[in-house]
Amino acid sequence: MDNIVHFQTLRKEKEDQLSTYVVQHTAMIKSYVDRQVNIREKVKAKYIFSEKVGCERSSVFTKIEEQLFLDWFTFDYLTIKGTTIYQSFVDHSSNKRHSLDAVVHALFMASVLEPFKVIKSNDGHIHAEKLLTGERCTIKTFSKNKMVNGEDIIFLRSVPVFDKLLCISEIFVQCDQKTISNLVSHFEKSKDSWRTFLKKFSIKYSWNRDASVEK
C-alpha cells in the first residue's frame, strides 16, 4: 500500500513539474514571437493566412482572430527556410538547456489545432470528445476569460501530460454548424491521418469571422 501511495505522489510531482514547465515554455514562445520575429515576416504570413481563411487582406482582426493568426503563425506557417517559427525559437534558445527540453520540444512540434466537442467544463478542466477520433479526454486550461458550454465545438492546441491534455493556446469556439459538417465530411474523404489533415486544414475550419470581440 505504501508503495502505491509513493508512486501516486511521485507521479503527481512529475505531472506538476512538466505542467509548470510547459506553461513557462508557452510564455517564452509568445515573448519570442512578440519581440524577436521580423515584422515583415508577420506581414507576409498575414497575407497567406488571409488567403487560407478567405478574408480580405485589409481586414482588421478582432482580438480572438489575431490570437488565431498568431497560433498558426507560430506553429504551422513555414518561413522561406522551410521551418516554422517555433523551430526558429528552439534554435534561438539552444544555449538555454533544461532537462525537459527534449520532451517538451517533441510535444510542441507534434501539436495541432484540434476540434473538440465539449461535454462539460469545471474547475479549469474541459471534459470533451475529440471531434475526428471520438476519443474522450480531459483538458486542463489556464484560460480565465473563455467560458465554454456542453455541446460547444472548440478548437485548441494541446500537449499530453500523463493522462490529461494541457491547453497551450487560446480556445476558439466555432458556432457555425455548417463549417463543422464540412470539416467532418472533408476529413472522411481525405486519405490523410487526422494529425496531418488538421495540420493542413484546421485553420480554415477554426476561423470564425463572426466571433465576438473579446474585451
Hits in the stretch 12-34: amide N under 17 Å from the 7 Å Cα→Cβ extension of Lys96, namely 20-34
accessible surface per residue for the stretch 88-152, probe 1.4 Å, DNA/RNA/ligands not counted, whole Å² -> 58 Å²
So for R0 = 35 Å, FRET eff. of Glu66-His186 from the Cβ-Cβ r, to 0.05, ends up at 0.85
For the stretch 1-125, using Cα atoms only, the Rg and Dmax in Å read 18.4, 64
Rounded to the nearest 5, the percent of antiparallel DSSP beta bridges in the chain equals 90 percent
So the carbon and sulfur contribution to the accessible area of the stretch 137-199, 1.4 Å probe, in percent, is 49 percent
So for R0 = 25 Å, FRET eff. of Lys12-Thr133 from the Cβ-Cβ r, to 0.05, ends up at 0.35
So the compactness index of the stretch 98-177, its C-alpha Rg divided by 2.2 N^0.38 Å, takes the value 1.09
Mean projected area (nm²) from the convex hull of Cα positions in the stretch 80-128 is 5.5 nm²
For the stretch 147-215, the percent of all C-alpha pairs falling in each 5 Å bin, from 0 up to the bin holding the max distance, is 3, 14, 22, 25, 20, 12, 4, 0, 0
Taking the stretch 1-120, the lysine pairs whose C-alpha atoms sit under 19 Å apart (8 or more places apart or on different chains) add up to 13
Sequence order, the stretch 192-201: Karplus ³J(HN,Hα) from phi using 6.51 cos²θ - 1.76 cosθ + 1.60, θ = phi - 60°, Hz rounded, Gly and Pro as x, gives 6, 5, 4, 5, 5, 4, 5, 4, 7, 10
Of 182-195, 68-81, ordering from highest average Cβ density within 10 Å down gives 68-81, 182-195
Rounded to 0.05, the calculated FRET efficiency for the beta carbons of Cys55 and Asp123 at R₀ = 30 Å is 0.25
Subtracting the Cα-Cα distance of Lys42 and Met147 from 0.36 nm times their residue separation yields 34.9 nm
Burial-style ranking of 162-169, 116-123, 56-63, average other-beta-carbon count within 10 Å with highest first, yields 162-169, 116-123, 56-63
Sorted largest first, the Cα spans of the chain on the principal axes come out in Å as 62, 44, 40
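The values are calculated or read from the model by the stated rules, or taken from the named source; none is laboratory data. Since this is a predicted model, take the numbers as computed values, not measurements. Note that each Cβ is placed from the backbone with ideal geometry, even for glycine, and that neighbours are counted across all protein chains shown. The accessibility values were calculated without ligands, DNA or RNA, using every heavy atom of the protein model including side chains. Shrake-Rupley method; radii C 1.70, N 1.55, O 1.52, S 1.80 Å.
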